[in-house]
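First up is the structure itself, then whatever we jot down about it.
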Amino acid sequence: MSAPATAERELSLLDKVELRIALADSEPKLQAVLSTYLPPILLKLGSDHLSVRNKVISICQHVNSRITPQ
């Protein structure tokens with residue numbers, strides 16, 4: 001029973017971080033959020049839960065779309 005709870009907790013934390021990234025409305029704010037949260041997000045790629053790893057990939061795709069020049 002602890003495995004689903006752990007996955008849910010990790011996903012909840014990732015959702016909160018994703019929201020912070022989405023709400024960063026300027027380049028300096030985005031840089032500050034990423035410098036704080038990107039390393040721990042990337043560490044979640046080692047999670048035992050596929051749903052958590054997929055969420056990390058989704059967040060990375062969002063970040064990539066924000067930092068890629070258009």
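The values are calculated or read from the model by the stated rules, or taken from the named source; none is laboratory data. Note that the structure is a prediction, hence the values are computed from the model and not measured. Every residue, glycine as well, gets a Cβ built from its backbone with ideal geometry; the counts of neighbours run over all protein chains shown.
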Original post:
Which ones in the range 24-35 are in a helix (DSSP H, G or I) and surrounded by 11 or more Cβ atoms within 10 Å (Cβ to Cβ)?
Top reply: Lys29, Leu30, Gln31, Ala32, Val33, Leu34
**OP:** With the checklist (1) surrounded by 13 or more Cβ atoms within 10 Å (Cβ to Cβ); (2) over 18 Å from Ser12 (Cα atoms) in hand, flag the one item Leu38 doesn't pass.
**Re:** (2)
Original post:
When both residues are 6+ apart or on different chains and their Cβ atoms are under 8 Å apart, which pairs have a first residue that lies in the range 18-40 and is within 18 Å of Thr68 (Cβ to Cβ), and a second that is of a type in the set (Phe, Trp, Tyr)?
Top reply: Ile21/Tyr37
**OP:** Considering only the range 44-70, state which residues are without any contact (Cβ under 8 Å) to a residue 24 or more places away in the chain, under 14 Å from the mean Cα position of the chain (by Cα) and under 19 Å from Pro4 (Cα atoms).
**Re:** Leu45, Gly46, Arg53, Asn54
Original post:
Does at least one position in the range 45-67 carry a residue that is of a type in the set (Ser, Thr, Tyr), surrounded by 13 or more Cβ atoms within 10 Å (Cβ to Cβ), part of a helix (DSSP H, G or I) and modelled with pLDDT of 95 or more?
Top reply: yes
